[in-house]
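Below: one structure, written as structure tokens.
The values are calculated or read from the model by the stated rules, or taken from the named source; none is laboratory data. What you see is a predicted model, and the numbers here were worked out from it, not measured in a lab. All Cβ positions, glycine included, derive from the backbone under ideal geometry; neighbour counts span all protein chains shown. These area figures cover heavy atoms from the full protein model, side chains too; ligands, DNA and RNA do not enter into them. Shrake-Rupley method; radii C 1.70, N 1.55, O 1.52, S 1.80 Å.
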Amino acid sequence: MTTAVTGVDDTLVEGLRGAVRGAVIQPADAGYDQARAVYNALHDRRPALIVRAAGAGDVITTVNAARANDVALAVRGGGHSIAGFSTCDGGIVLDLGNMRGIRVDPSQRTVRAEAGCTWGDLDHATHAFGLATTGGIVSTTGIAGLTLGGGMGFLARRCGLSCDNLISADVVTADGAFLTCTASRNPDLFWGLRGGGGNFGIVTSLEYRLHPVSDVLGGPTFYPLDADVVRGYLDMMSDAPEALGAVLGFVLGPPAPFLPEHWHGRPMIVVLTCWSGPADDDGQIRDRLSRVGPITGQFVERMPYPTINTLFDQALPAGLRHYWKGVYARELTIDAIGVHLDYGATLPAPQTATLLFPLDGACHRVAPEQTAFAYRDVAFAAGFGASWSDPADDDANIAWTRAYDAALRPHSTHGGYVNFMAPDDADRVRVNYGHNYDRLAGIKRRYDPGNLFRLNHNIAP
Ligand SMILES: Cc1cc2nc3c(=O)[nH]c(=O)nc-3n(C[C@H](O)[C@H](O)[C@H](O)COP(=O)(O)OP(=O)(O)OC[C@H]3O[C@@H](n4cnc5c(N)ncnc54)[C@H](O)[C@@H]3O)c2cc1C
């Protein structure tokens, strides 16, 4: 997608420099290259301006300037957008990464966090009170982008999606207004924020419901790449307590000390477990994992909840290249399992993985029209696609992901998770928002009729 525009001139830059408290960075400034870099190195863009907001006031000022000058505006929280939407060529990047204040209210079991926080920030802050909410499984991912698209993680079966735990949000809309949204204040906007992505405004802070979660039993268990293992996993999940979060993965065996060397680099299945139920039942969880299939290696220990969301950070550092897609599945059919096994056997790079997040339990108890996240009857959200390091491998990795997608599509009549989508998936926006699309378009018309916020999986006004 090209995002080039020409509207950033000296007057605009000087106006912003004088009006905002945070740094305003231009291409000639020291630190520009570092400031423009996003997590997914596939998106090597050159914005005309990067504004590092110090607070909601800077966000309002920047939104007003972008709108008045008709300049492309990208918003960046954690910067993990797979599709590259948190940067642009020639426009303004509004970087919220310095807005990281967090306040936990243990008596109400809530937390309010500024939109530049990562899940690592939030997990750390709430863990001090023995509390947590559903968030991403890599600690460097931003809370805002993940929550606005839905938000899947280890606690989803027990506590619902991240967006289900959102109880209020402060938002700067396209006209520069600052609105607090809850179920009763600006309820249409609040509804759209819970699954509708960054289409409606710039969220400056988010308030979540928290749950008693302290230490958990968790980590990866590896098995051979075999259909029986997938069946064993499905059996395990069919009657698993909701406090068992267990993500199914197709990966290459990592060079980890708990995995025998002859498995390193070989295609395998992994079950990423997080048991947040009573420690007394740890033995039962271990038994369940051993019934999934023959274990080739395992690192499953008791650990603080924030730690489980850092186990994969090192394997996925910023600066890799990523091209992913996503599909939802009501059930994993034999044919779909066959496709995952075929592509699991040909993973093109060590960082590449397919992950299937179970979305039952508490996720199913939210009615499909209660939030913008439409898919409340699916069993799994699959995210698949290549992650690699060498630009010379771009074409091969993108082609591999597209072939995987084409093979899987006949076995999935539904959409996919917006937060796993590639930049060229614009034709899937409608199906990905499902039956909620028309209502979302109405909210878009009300709050952003000029489509200022278009660097996202865009809902046209
Ligand atoms: C390594 C990795 C692990 C992941 N793990 C998970 C996971 O466990 N569960 C899961 O559900 N998803 C996961 N994802 C997908 C993730 O949800 C999306 O990439 C998400 O967009 C990241 O949010 P961010 O704030 O880091 O991204 P950014 O790149 O900062 O933002 C992405 C988009 O979100 C919107 N946005 C961000 N902040 C705001 C804001 N303040 N106001 C309005 N709009 C905003 C904008 O449209 C922006 O373009 C993962 C992605 C990666 C790369």
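Just a few scattered comments:
- Screening the stretch 156-174 for residues that are within 11 Å of the ligand (Cβ to nearest atom) and open to solvent by less than 10 Å² (accessible area, probe 1.4 Å) and picking the one that is farthest from Thr307 (Cα to Cα) gives Thr173.
- Residue check for Pro368: more than 26 Å from Ala441 (Cα to Cα), modelled with pLDDT under 95 and either in a loop (DSSP other than H, G, I, E, B) or out of contact with any strand residue (DSSP E or B) (no Cβ under 6 Å at 6 or more places or on another chain) (or both): no
- Those residues of the stretch 82-116 which are more than 28 Å from Tyr417 (Cα to Cα) and open to solvent by less than 50 Å² (accessible area, probe 1.4 Å), in sequence order: Gly90, Gly101, Val104, Asp105
- Yes/no for Asp188 being open to solvent by 10 Å² or more (accessible area, probe 1.4 Å), more than 16 Å from the chain's Cα centre (by Cα) and under 21 Å from Val418 (Cβ atoms): yes
- Filtered by the rule that a residue be outside any strand (DSSP E or B) and hydrophobic (A, V, I, L, M, F, W, C), the stretch 298-322 gives Phe299, Val300, Ile308, Leu311, Phe312, Ala315, Leu316, Ala318, Leu320.
- Considering residues of the stretch 39-81 that are open to solvent by less than 10 Å² (accessible area, probe 1.4 Å) and in a loop (DSSP other than H, G, I, E, B) only, the residue nearest to the ligand (Cβ to nearest atom): Gly79
- Just one of the numbered conditions (1) within 28 Å of the chain's Cα centre (by Cα); (2) open to solvent by less than 80 Å² (accessible area, probe 1.4 Å) is not true of Glu301: (2).
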